[in-house]
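To start, the structure under review is shown below, and the notes come after it.
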Amino acid sequence: MTINIPENAEYIMKALRDKGFESYAVGGCVRDSLMGKEPCDWDITTSALPEQTGEIFEEQGCRVIKTGIKHGTVTVLKNYEAFEVTTFRIDGKYTDRRRPDGVFFTPRLEEDLKRRDFTINAITANCDGKVTDFFGGIDDIEKKVIRAIGDPDKRLGEDALRIMRALRFSAVLGFSIAPDLQKSLRKNSELLKDIAAERINAEFSKLICGKDFAHVLLNFTDIIEVFIPEITPCVNFDQKNIHHIYDAWEHSVRAAEAIPADPVLRLTMLFHDIEKPSCFFMGEDGQDHFYGHAKKSAETAERILRRLKFDNKTIKAVTELIALHDVEIVPEKKPVLRRLGKMGDENFQRLMAVKYADNAAQSPIVRNRREDFKKIEEIAAKAREESSCISLRSLSVNGRDLTEAGFPEGREIGKILRHLLEGVIDGKYENEKEALLKAAENFRKC
């Protein structure tokens, strides 16, 4: 069996071979090639020692970066493309549950591959594209299964992030997880507490955008709870309400499944109802109600996202959408344009996607809300088409115009501009400079 090796990767491997060293493409690039996918990058493993690798490519005129040399890795740049070239190695003890304390170089490829995580990631190919598979990875790709190399407990004990990697591969590739590995994932899940939040974040963000993420989240909820314990009250929480057919956690996952695979949107749906259990109220009608849950869920989501080291832009977008996910938008021109003006076009479109997804995971008896959503989107689309005044940017006056007209600088300017925008949206004022300056003067006198 062979795969196609791209020109730059082939050059790196041939250069090593010509100096008498073994070299192979390894890991995800080979796995993806066998699955008919285009690899994002190509990692290379070799029998050459790091210093020898560096010397070979410096002689070739390539730039060599030796920042990973402690663990046997040097980065070689060929035609502005970076390749990590790592010496065959055996790992020492993993006292931090993440990286080996030290490594020992070995001349044998098979010894190097034994230390890797899953069989599908331990397949190699030489510079001619000929594939070598010591551990049945090709068979596991065909069977669509993720299986550990050797003892799963040992593999996960070495590097606990492999727990998240297994879930992520399952979600992204649509592969099942071998029974012994499933058992080990659960047995060792508490080890995730030793892993840096940034690393959990990176894997979780990819996981929730995978095609089979809902299956993973629903079947491995107990593992997700290790680093997001806030979801625990939602699991099996019966929403005794005619609007719902799932418990609070499954509703959130199904809603996330119904929205595009964008991290902001998926995170929004996963956490939009996270405080429903704490806001539970049994009404006189015998139905559960959850007054104030949107605001409280936004606060909890912010706490989770900050703990997992998400960036401020993502946190702001997610929490704003959660806080507004339940807000009612009347499908009429003025309220739609007012909401569009307050949120901006991008966030407004995101909010509508959230509303569609939330409704898709509710009881069929309330699916008629989608007709209102369509009307709202039609009104918004027409406003865009007609270049209606729906934001401060589209007003015919700005802060400078107001200060030049004698209005004092500061917060008052913003307050006046927002008043003018609302007046234009409501049809009270014409979006014309002189008319707006006059309206601003009248507003200031009030």
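Before we move on, is Tyr356 among the aromatic types (Phe, Trp, Tyr), at pLDDT below 95 and touching a helix residue (DSSP H, G or I) at 6+ places or on another chain (Cβ under 9 Å)? It is false that Tyr356 is among the aromatic types (Phe, Trp, Tyr), at pLDDT below 95 and touching a helix residue (DSSP H, G or I) at 6+ places or on another chain (Cβ under 9 Å).
So that you can scan it fast, the table gives a plain yes or no per residue for (1) small (Gly, Ala, Ser); (2) open to solvent by less than 40 Å² (accessible area, probe 1.4 Å); (3) touching a residue at least 12 places away in the same chain (Cβ under 8 Å); (4) in a loop (DSSP other than H, G, I, E, B):
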{"site": "Glu377", "(1), (2), (3), (4)": "no, no, yes, no"}
{"site": "Lys382", "(1), (2), (3), (4)": "no, no, no, no"}
{"site": "Cys389", "(1), (2), (3), (4)": "no, yes, yes, yes"}
{"site": "Arg400", "(1), (2), (3), (4)": "no, no, no, no"}
{"site": "Thr403", "(1), (2), (3), (4)": "no, no, no, no"}
{"site": "Glu422", "(1), (2), (3), (4)": "no, no, yes, no"}
{"site": "Ala440", "(1), (2), (3), (4)": "yes, yes, yes, no"}
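For segment 267-282, taking the residues that are among the aromatic types (Phe, Trp, Tyr) and more than 12 Å from Ser252 (Cβ to Cβ), the one that is surrounded by the fewest Cβ atoms within 10 Å (Cβ to Cβ) is identified as Phe281. In summary, strands (runs of 3 or more DSSP E) completely within segment 74-176 and bearing 1 or more residues that are in contact (Cβ under 8 Å) with a residue 12 or more places away in the chain and among the hydroxyl-bearing types (Ser, Thr, Tyr) occur at 81-87, 123-125, 131-133. The residue list Ala178, Ala214 contains one member that is aliphatic (A, V, I, L, M), buried (at least 16 other Cβ atoms within 10 Å of the Cβ) and under 18 Å from the mean Cα position of the chain (by Cα), which is Ala214.
May I ask you to say which residue of Asp32, Asp41 is surrounded by fewer than 20 Cβ atoms within 10 Å (Cβ to Cβ), in contact (Cβ under 8 Å) with a residue 40 or more places away in the chain and either more than 29 Å from Val172 (Cα to Cα) or of a type in the set (D, E, K, R) (or both)? Exactly one of Asp32, Asp41 is surrounded by fewer than 20 Cβ atoms within 10 Å (Cβ to Cβ), in contact (Cβ under 8 Å) with a residue 40 or more places away in the chain and either more than 29 Å from Val172 (Cα to Cα) or of a type in the set (D, E, K, R) (or both), namely Asp41.
Part of a strand (DSSP E or B), surrounded by 15 or more Cβ atoms within 10 Å (Cβ to Cβ), in contact (Cβ under 8 Å) with a residue 40 or more places away in the chain and under 29 Å from the mean Cα position of the chain (by Cα): does that describe Ala25? Yes: the conditions hold for Ala25.
The values are calculated or read from the model by the stated rules, or taken from the named source; none is laboratory data. These numbers were taken from a predicted model, which means no experiment stands behind them. Glycine gets a Cβ as well: all are built from the backbone with ideal geometry, and neighbour counts include every protein chain shown. Just the protein is used for accessible areas: all its heavy atoms, side chains included, with ligands, DNA and RNA removed. Shrake-Rupley method; radii C 1.70, N 1.55, O 1.52, S 1.80 Å.
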